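K.L.:
Sharing a structure here in structure tokens format.
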Amino acid sequence: MSAKRGKKASPAHPHEDLLRMDRIPHIWCAGCGIGMVFGCVLSAIKKSDFPLDDIAMVSGIGCTGRMAGYIKLDSYHTTHGRAIPFATGLKLARPKSRVIVTSGDGDLLAIGGNHFIHAARRNIDITILCVNNFNYGMTGGQLAPSTPFGAKTTTSPIGCAEDPFNFCHLAAASGATYVARWTALHIRRLTDSLNEAMQKRGFSFVEVLSPCPTSFGRRNKMGKGLDIVKYYHEKSVIRNGIDPSEATLDFNSALVVGKFVDIERPTFMDNYKLVAKRELEPWPAKDKKAAASGKQASK
Ligand code: SF4
């Protein structure tokens, strides 16, 4: 529709200002949840008070990784499983950047699993968004470390014989300072959580349960995208503040969502500055008498 003379044309999309419109239409399948999640990411960025020039998005390979190609900010579409090392380098080289990694479950926690646990252990000051659709969607619907026991994928056609990771528990046990999980239909909660995660100093992690009707949903006869996301939403039970080890995903009873961790601890850069300035406390700690006589304190 053409705009009336003298009136400003309305945007084709409410987030047009943050989208590379020359890349649209996107590649996501009809009914996929990633578009809804991407909308929440863009809303969270607008809600945050960070200058847009200081925000960067980094992704690996996969359907979720396409977000980095569509956002009109500094962005890097990197190699499979390696978004976190790229994001770490970017953050250390330009500490004022607010770096967001967007990744799928296979990319982030299988191929990139080692990077994930060590970045959390080091408390690298970045935000990680994991869109969990329980399989490798783009590469053909293979089994991922999130695939539920018994679920069918192209590489587990009879049923998955492995127990999946609880990503939130893994993130918390590895040292993350912020951990939350929502579904793609928890639009407001997810947006608020992403905004909180971006404000957090340290390794912040947000998981989103999202439908993949083309691969995972079709093989497990879960219906269309809307049926699946409604199912996830209706099965979800909000339990803020619980121990992440209890935040289980049981498709026969409840999918536990909520904000589980929000703590403070020194970031990698905080600790690195102490080392660089030679301000570390002696290790192992000595008591004053032993330190004065130059002897190691006995246990
Ligand atoms: Fe979405 Fe699955 Fe299609 Fe990928 S394959 S775009 S995750 S529905």
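K.L.:
Name the aspartates and glutamates eligible as straight-distance cross-link partners of Lys224: C-alpha to C-alpha under 16 Å, and not fewer than 8 places from it in the same chain.
P.N.:
Qualifying aspartates and glutamates at Cα under 16 Å: Glu234.
K.L.:
Continuing with the same structure: Near Asp243, within a Cβ-to-Cβ distance under 14 Å, what is the net charge of the other residues, with Lys and Arg +1 and Asp and Glu -1?
P.N.:
Counting the neighbours of Asp243, the net charge comes to +1.
K.L.:
Report, to the nearest whole %, how much of the accessible area of the chain belongs to carbon and sulfur atoms, 1.4 Å probe, protein only.
P.N.:
55
K.L.:
Evaluate the distance, in nm, between pseudo-label points positioned 7 Å from the Cα of Arg20 and of Lys224 along their respective Cα→Cβ axes.
P.N.:
Output for this residue pair reads 3.1 nm.
K.L.:
With every protein chain left in place, what is the accessible area per residue of the chain in square angstrom, probe 1.4 Å?
P.N.:
Using a 1.4 Å probe on heavy atoms only, each residue of the chain averages 52 Å².
K.L.:
For the chain, set up a Gaussian network in which alpha carbons nearer than 10 Å are linked by springs, and say which option among Pro11, Pro95, Pro157 fluctuates the most.
P.N.:
Comparing Pro11, Pro95, Pro157 in the GNM, the peak value goes to Pro11.
K.L.:
Counting other Cβ atoms within 10 Å of each Cβ, which GluC sites (Glu not before Pro) in region 187-295 have at most 14 and sit in a DSSP loop?
P.N.:
Qualifying residues, ordered by number: Glu264, Glu279.
K.L.:
Still on this model: Loop only per DSSP, at most 10 neighbouring Cβ atoms within 10 Å: give me the trypsin sites (Lys or Arg not before Pro) in region 159-238, ordered by residue number.
P.N.:
Lys221
K.L.:
For every helix of n ≥ 4 consecutive DSSP H residues, a contribution of -39,500 (n - 2.57) applies; sum these over the chain, divide by its total residues, and give [θ] at 222 nm rounded to the nearest 500 deg cm²/dmol.
P.N.:
Value at 222 nm, helices only, nearest 500: -8500 deg cm²/dmol.
K.L.:
Which value, in debye to the nearest 20, describes the size of the charge dipole of the chain about its Cα centre when Lys and Arg Cβ atoms bear +1, Asp and Glu Cβ atoms bear -1, and nothing else is charged?
P.N.:
Magnitude of the dipole: close to 620 debye.
The values are calculated or read from the model by the stated rules, or taken from the named source; none is laboratory data. None of these values were measured; they are calculated from a predicted model. Methodologically, a virtual Cβ is constructed for each residue, glycine included, from the backbone with ideal geometry; neighbour enumeration extends over all protein chains shown. Accessible surface areas use protein heavy atoms only, side chains included; no ligands, DNA or RNA. Shrake-Rupley method; radii C 1.70, N 1.55, O 1.52, S 1.80 Å.
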